[in-house]
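*Asks:* What follows is a structure written as structure tokens; I'll ask about it next.
The values are calculated or read from the model by the stated rules, or taken from the named source; none is laboratory data. These figures come from a predicted structure and were not determined experimentally. Positions of Cβ are generated from backbone atoms using ideal geometry, with glycine treated the same way; all protein chains shown enter the neighbour counts. The area values use the complete protein model at the heavy-atom level, side chains included, leaving out ligands, DNA and RNA. Shrake-Rupley method; radii C 1.70, N 1.55, O 1.52, S 1.80 Å.
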Amino acid sequence: PIQLTPDDSILLESLLKDLLELGYQVEPFGNHTFLIQGTPADIPSGNEKKAIEILLDQYKHSGSDVKLSTREKLIRCLARQHAVKAGDPLPQKEMQALVQSLFDCANPNMTPSGSPVFLEFRKDYIDKMFEK
């Protein structure tokens, strides 16, 4: 079970259908409590409550971009939650797979939150920066 504030309870209730489509099985249990019956396979066992709490927090702060559907906002929140964080050690093979996956994306130059993934500089600009 997960106990939420009244506001978070209302928010989670409104997201239940979309969460179900993303692999979560969460059911109302009364008095701002929900039962987590299942989560997507990539959620480590024992972290289900924390994953829901983080998801709700990120969703609340995801902005009011009306162009995005509820489902797309949730997917972006999940992507941020499960993204490799700066400083996380990765094996060489996994780093190569991430780079390959990045360039296989339809839009490889933006993060789920809209930040640039990389910047491209022309050689003459770099030369000018270093006064060559």
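*Asks:* Applying the selection to region 99-115, what residues are exposed (fewer than 11 other Cβ atoms within 10 Å of the Cβ), over 15 Å from Asp42 (Cβ atoms) and not hydrophobic (A, V, I, L, M, F, W, C)?
*Replies:* Once the filter is applied, which keeps residues that are exposed (fewer than 11 other Cβ atoms within 10 Å of the Cβ), over 15 Å from Asp42 (Cβ atoms) and not hydrophobic (A, V, I, L, M, F, W, C), region 99-115 yields Gln100, Asp104, Asn107, Gly114, Ser115.
*Asks:* Being on the phi > 0 side of the Ramachandran plot and at pLDDT 75 or above is the filter here; which residues of region 61-99 pass it?
*Replies:* Gly87
*Asks:* Determine which member of the set Glu53, Glu72 is part of a helix (DSSP H, G or I), free of Cβ contacts under 8 Å to residues at least 12 places away in the same chain and either under 18 Å from the mean Cα position of the chain (by Cα) or surrounded by 13 or more Cβ atoms within 10 Å (Cβ to Cβ) (or both).
*Replies:* The match here is Glu72.
*Asks:* While we're here: Suppose we keep only residues that are part of a loop (DSSP other than H, G, I, E, B), touching a strand residue (DSSP E or B) at 6+ places or on another chain (Cβ under 8 Å) and under 16 Å from Leu74 (Cβ atoms) within region 8-43. Which one would you say is least open to solvent (accessible area, probe 1.4 Å)?
*Replies:* Tyr24
*Asks:* Same structure, new question: Could you run through region 116-126 and say how many residues are farther than 24 Å from Tyr59 by Cβ and either of a type outside the set (D, E, K, R) or open to solvent by less than 80 Å² (accessible area, probe 1.4 Å) (or both)?
*Replies:* 5
*Asks:* Run Thr5 past the list (1) under 19 Å from Glu72 (Cα atoms); (2) among the hydroxyl-bearing types (Ser, Thr, Tyr); (3) open to solvent by 70 Å² or more (accessible area, probe 1.4 Å) and report the number of the one that doesn't hold.
*Replies:* (1) is the only condition that Thr5 fails.
*Asks:* Being under 27 Å from Gly114 (Cβ atoms) and in contact with a His (Cβ under 8 Å, 6 or more places away or on another chain), is that true of even one residue in region 21-43?
*Replies:* So far as region 21-43 goes, yes, one or more of its residues are under 27 Å from Gly114 (Cβ atoms) and in contact with a His (Cβ under 8 Å, 6 or more places away or on another chain).
*Asks:* Among the residues of region 77-98 satisfying the criterion of being closer than 22 Å to Ile52 by Cβ and part of a helix (DSSP H, G or I), which is least open to solvent (accessible area, probe 1.4 Å)?
*Replies:* Looking at the filtered set, the residue picked out is Cys77.
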